[in-house]
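The values are calculated or read from the model by the stated rules, or taken from the named source; none is laboratory data. What you are looking at is a predicted structure, and each value in this text was computed from that prediction instead of being measured. Cβ placement follows ideal geometry from the backbone for every residue including glycine, while neighbour counts extend to all protein chains displayed.
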Amino acid sequence: MEQVELSHGEILNQPGETIKEVYFRLTCLISITITMMDGSTLEAGAIGSREMVGINAFMGGGETTQTQYIVQVPGTAMRMKAQTLLHKFDTEKSLRDVMLKYTQAYIAQLSQNVACNRIHTIEQRMGLWLLQSSDRVASDELLLSHEFLSHMLGVRRSGVTETAHILEKKGFIRCSRKKIKIIDRQGLEDTSCECYGVIKNEYDRLLRFKAKR
(Lines give C-alpha, C1' and ligand atoms only; values in the text may rest on other atoms or scores of the structure.)
Protein backbone atom coordinates (compact mmCIF):
# COMPACT_ATOMS: atom_id res chain seq x y z
CA MET A 1 0.00 0.00 0.00
CA GLU A 2 1.10 3.57 -0.60
CA GLN A 3 -0.19 6.88 0.77
CA VAL A 4 -1.41 9.32 -1.87
CA GLU A 5 -2.72 12.89 -1.91
CA LEU A 6 -6.10 13.32 -3.59
CA SER A 7 -7.31 16.69 -4.84
CA HIS A 8 -10.86 18.09 -4.98
CA GLY A 9 -12.73 16.92 -8.07
CA GLU A 10 -10.22 14.17 -8.88
CA ILE A 11 -11.90 11.18 -10.53
CA LEU A 12 -10.60 7.83 -9.31
CA ASN A 13 -12.64 5.58 -11.58
CA GLN A 14 -14.96 6.15 -14.53
CA PRO A 15 -18.04 4.03 -15.31
CA GLY A 16 -17.09 0.97 -17.34
CA GLU A 17 -13.38 1.14 -16.48
CA THR A 18 -11.71 -1.90 -14.99
CA ILE A 19 -10.95 -1.33 -11.31
CA LYS A 20 -7.17 -1.58 -11.14
CA GLU A 21 -6.62 0.18 -7.79
CA VAL A 22 -8.56 0.49 -4.54
CA TYR A 23 -8.42 3.29 -1.98
CA PHE A 24 -8.81 3.34 1.79
CA ARG A 25 -9.63 6.86 2.92
CA LEU A 26 -7.50 8.59 5.58
CA THR A 27 -8.49 12.30 5.55
CA CYS A 28 -10.38 12.82 2.28
CA LEU A 29 -14.05 12.29 1.41
CA ILE A 30 -15.08 10.52 -1.80
CA SER A 31 -18.50 10.39 -3.44
CA ILE A 32 -19.94 7.55 -5.48
CA THR A 33 -22.05 9.17 -8.20
CA ILE A 34 -24.28 8.04 -11.03
CA THR A 35 -24.72 10.17 -14.16
CA MET A 36 -27.88 9.76 -16.23
CA MET A 37 -28.14 10.08 -20.01
CA ASP A 38 -29.36 13.68 -19.71
CA GLY A 39 -26.22 14.61 -17.77
CA SER A 40 -27.86 14.88 -14.34
CA THR A 41 -25.77 13.52 -11.46
CA LEU A 42 -26.79 12.02 -8.13
CA GLU A 43 -24.74 10.68 -5.24
CA ALA A 44 -25.36 6.98 -4.59
CA GLY A 45 -23.06 6.74 -1.57
CA ALA A 46 -19.99 8.20 0.13
CA ILE A 47 -16.60 6.88 1.20
CA GLY A 48 -15.23 7.95 4.57
CA SER A 49 -13.45 6.55 7.62
CA ARG A 50 -15.13 3.14 7.56
CA GLU A 51 -15.33 2.55 3.84
CA MET A 52 -13.23 1.90 0.74
CA VAL A 53 -13.25 2.73 -2.97
CA GLY A 54 -13.41 -0.25 -5.32
CA ILE A 55 -15.58 -2.74 -3.48
CA ASN A 56 -16.17 -4.61 -6.76
CA ALA A 57 -12.47 -5.48 -6.94
CA PHE A 58 -12.67 -8.43 -4.54
CA MET A 59 -15.72 -9.90 -6.26
CA GLY A 60 -13.66 -11.30 -9.13
CA GLY A 61 -10.97 -10.42 -11.65
CA GLY A 62 -11.28 -7.49 -14.06
CA GLU A 63 -14.34 -6.05 -12.37
CA THR A 64 -15.95 -2.77 -13.46
CA THR A 65 -18.65 -0.51 -12.06
CA GLN A 66 -21.36 1.72 -13.54
CA THR A 67 -20.60 4.43 -10.98
CA GLN A 68 -18.00 7.18 -10.81
CA TYR A 69 -15.72 7.82 -7.83
CA ILE A 70 -14.96 11.51 -7.33
CA VAL A 71 -13.01 13.23 -4.54
CA GLN A 72 -15.33 15.58 -2.70
CA VAL A 73 -13.03 16.80 0.08
CA PRO A 74 -9.27 16.72 -0.65
CA GLY A 75 -6.92 14.76 1.58
CA THR A 76 -4.97 11.52 1.84
CA ALA A 77 -5.78 7.87 1.21
CA MET A 78 -3.98 4.53 1.10
CA ARG A 79 -3.88 2.98 -2.37
CA MET A 80 -3.22 -0.62 -3.35
CA LYS A 81 -3.50 -2.80 -6.44
CA ALA A 82 -6.90 -4.42 -6.88
CA GLN A 83 -5.30 -7.77 -7.69
CA THR A 84 -3.40 -7.65 -4.39
CA LEU A 85 -6.63 -7.10 -2.48
CA LEU A 86 -8.32 -9.93 -4.39
CA HIS A 87 -5.47 -12.29 -3.52
CA LYS A 88 -5.63 -11.36 0.18
CA PHE A 89 -9.42 -11.71 0.12
CA ASP A 90 -9.09 -15.24 -1.24
CA THR A 91 -6.33 -16.33 1.17
CA GLU A 92 -6.95 -14.53 4.49
CA LYS A 93 -10.19 -15.27 6.32
CA SER A 94 -9.93 -12.36 8.78
CA LEU A 95 -9.73 -9.84 5.92
CA ARG A 96 -12.51 -11.62 4.04
CA ASP A 97 -14.80 -11.47 7.09
CA VAL A 98 -14.31 -7.71 7.47
CA MET A 99 -14.83 -7.07 3.76
CA LEU A 100 -18.05 -9.07 3.69
CA LYS A 101 -19.37 -7.21 6.74
CA TYR A 102 -18.49 -3.92 5.08
CA THR A 103 -20.30 -5.06 1.92
CA GLN A 104 -23.41 -5.72 4.00
CA ALA A 105 -23.17 -2.28 5.62
CA TYR A 106 -22.62 -0.67 2.22
CA ILE A 107 -25.71 -2.36 0.77
CA ALA A 108 -27.70 -1.12 3.78
CA GLN A 109 -26.49 2.44 3.08
CA LEU A 110 -27.48 2.24 -0.59
CA SER A 111 -30.89 0.74 0.24
CA GLN A 112 -31.63 3.43 2.83
CA ASN A 113 -30.51 6.16 0.42
CA VAL A 114 -32.97 4.93 -2.21
CA ALA A 115 -35.88 5.25 0.25
CA CYS A 116 -34.59 8.59 1.56
CA ASN A 117 -34.29 10.13 -1.91
CA ARG A 118 -37.83 9.04 -2.75
CA ILE A 119 -39.66 9.95 0.47
CA HIS A 120 -37.90 12.65 2.47
CA THR A 121 -37.73 16.41 1.98
CA ILE A 122 -34.71 18.36 0.75
CA GLU A 123 -34.25 19.77 4.26
CA GLN A 124 -34.16 16.28 5.80
CA ARG A 125 -31.86 14.91 3.09
CA MET A 126 -29.47 17.84 3.33
CA GLY A 127 -29.31 17.40 7.10
CA LEU A 128 -28.55 13.70 6.61
CA TRP A 129 -25.85 14.42 4.04
CA LEU A 130 -24.12 17.02 6.22
CA LEU A 131 -24.17 14.74 9.27
CA GLN A 132 -22.81 11.73 7.37
CA SER A 133 -20.10 13.80 5.68
CA SER A 134 -19.12 15.33 9.02
CA ASP A 135 -18.77 11.86 10.53
CA ARG A 136 -16.67 10.65 7.62
CA VAL A 137 -14.12 13.47 7.85
CA ALA A 138 -14.34 13.81 11.67
CA SER A 139 -14.95 17.55 11.38
CA ASP A 140 -17.89 19.94 11.63
CA GLU A 141 -16.44 22.07 8.82
CA LEU A 142 -17.13 20.92 5.26
CA LEU A 143 -15.40 22.59 2.32
CA LEU A 144 -17.87 22.48 -0.56
CA SER A 145 -20.02 24.70 -2.75
CA HIS A 146 -23.81 24.83 -3.05
CA GLU A 147 -23.45 23.79 -6.69
CA PHE A 148 -21.53 20.65 -5.76
CA LEU A 149 -24.03 19.84 -3.02
CA SER A 150 -26.88 20.22 -5.52
CA HIS A 151 -25.29 17.49 -7.66
CA MET A 152 -24.92 15.21 -4.64
CA LEU A 153 -28.58 15.65 -3.65
CA GLY A 154 -29.91 15.64 -7.21
CA VAL A 155 -31.74 18.98 -6.85
CA ARG A 156 -31.41 22.49 -8.27
CA ARG A 157 -28.73 24.78 -6.86
CA SER A 158 -31.43 27.27 -5.86
CA GLY A 159 -33.07 24.53 -3.78
CA VAL A 160 -29.81 23.88 -1.90
CA THR A 161 -29.28 27.61 -1.28
CA GLU A 162 -32.83 28.03 0.02
CA THR A 163 -32.54 24.97 2.27
CA ALA A 164 -29.14 26.10 3.58
CA HIS A 165 -30.65 29.47 4.52
CA ILE A 166 -33.46 27.69 6.41
CA LEU A 167 -31.00 25.53 8.37
CA GLU A 168 -28.80 28.56 9.02
CA LYS A 169 -31.75 30.61 10.25
CA LYS A 170 -32.59 27.79 12.70
CA GLY A 171 -29.02 28.01 14.01
CA PHE A 172 -27.98 24.53 12.93
CA ILE A 173 -25.28 25.53 10.41
CA ARG A 174 -23.23 28.53 9.29
CA CYS A 175 -22.54 29.08 5.61
CA SER A 176 -19.71 31.00 3.97
CA ARG A 177 -18.13 30.85 0.53
CA LYS A 178 -17.62 27.18 -0.33
CA LYS A 179 -17.83 26.15 3.33
CA ILE A 180 -20.56 24.90 5.65
CA LYS A 181 -19.99 24.51 9.39
CA ILE A 182 -22.30 22.55 11.68
CA ILE A 183 -23.08 24.71 14.74
CA ASP A 184 -25.85 22.73 16.45
CA ARG A 185 -25.35 19.04 15.72
CA GLN A 186 -28.25 17.84 17.86
CA GLY A 187 -30.59 20.31 16.21
CA LEU A 188 -29.47 19.11 12.79
CA GLU A 189 -30.03 15.50 13.83
CA ASP A 190 -33.53 16.37 15.04
CA THR A 191 -34.45 18.07 11.76
CA SER A 192 -32.93 15.28 9.67
CA CYS A 193 -34.70 12.03 8.80
CA GLU A 194 -34.38 8.70 10.63
CA CYS A 195 -32.00 7.47 7.92
CA TYR A 196 -28.98 8.94 9.73
CA GLY A 197 -29.52 6.78 12.81
CA VAL A 198 -30.45 3.69 10.80
CA ILE A 199 -27.31 3.75 8.66
CA LYS A 200 -25.00 4.68 11.54
CA ASN A 201 -26.37 1.90 13.76
CA GLU A 202 -25.92 -0.66 10.99
CA TYR A 203 -22.28 0.33 10.49
CA ASP A 204 -21.67 0.23 14.25
CA ARG A 205 -23.33 -3.19 14.52
CA LEU A 206 -21.42 -4.77 11.67
CA LEU A 207 -18.00 -3.14 12.00
CA ARG A 208 -18.01 -2.60 15.77
CA PHE A 209 -16.09 0.63 15.46
CA LYS A 210 -17.25 4.17 16.16
CA ALA A 211 -15.46 6.96 14.35
CA LYS A 212 -13.69 9.38 16.68
CA ARG A 213 -14.79 13.00 16.56
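So here's what we get for this one:
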read-out	value
Every residue from the range 116-128 that is among the polar types (S, T, N, Q) and either outside any helix (DSSP H, G or I) or crowded, with 17+ Cβ neighbours inside 10 Å (or both)	121, 124
Boolean, residue 142 is in the same structural domain as residue 173 (by TED's automatic domain parsing), in contact (Cβ under 8 Å) with a residue 24 or more places away in the chain and closer than 21 Å to residue 203 by Cα	no
Members of the range 169-190 that are part of a helix (DSSP H, G or I) and within 20 Å of the chain's Cα centre (by Cα)	185, 188, 189
Among (1) touching a residue at least 40 places away in the same chain (Cβ under 8 Å); (2) on the phi > 0 side of the Ramachandran plot, the one test that residue 178 misses	(1)
Residue 144 vs. criteria assigned to a loop (DSSP other than H, G, I, E, B) and in contact with a strand residue (DSSP E or B) (Cβ under 8 Å, 6 or more places away or on another chain)	yes
Single residue of the range 8-44 satisfying the filter (among the small types (Gly, Ala, Ser) and within 28 Å of residue 122 (Cα to Cα)) that is surrounded by the most Cβ atoms within 10 Å (Cβ to Cβ)	31
Filter pass, residue 12 being at pLDDT 85 or above and of a type outside the set (S, T, N, Q)	yes
Top-ranked residue in the range 135-154 [being more than 18 Å from residue 32 (Cβ to Cβ) and out of contact with any Gly (no Cβ under 9 Å at 6 or more places or on another chain); ranked as surrounded by the fewest Cβ atoms within 10 Å (Cβ to Cβ)]	147
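This table checks each residue for (1) farther than 25 Å from residue 50 by Cβ; (2) touching a Leu at 6+ places or on another chain (Cβ under 8 Å); (3) among the hydroxyl-bearing types (Ser, Thr, Tyr).
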residue	(1), (2), (3)
116	no, yes, no
138	no, no, no
143	no, no, no
155	yes, no, no
162	yes, no, no
167	yes, yes, no
174	yes, no, no
181	no, yes, no
190	no, no, no
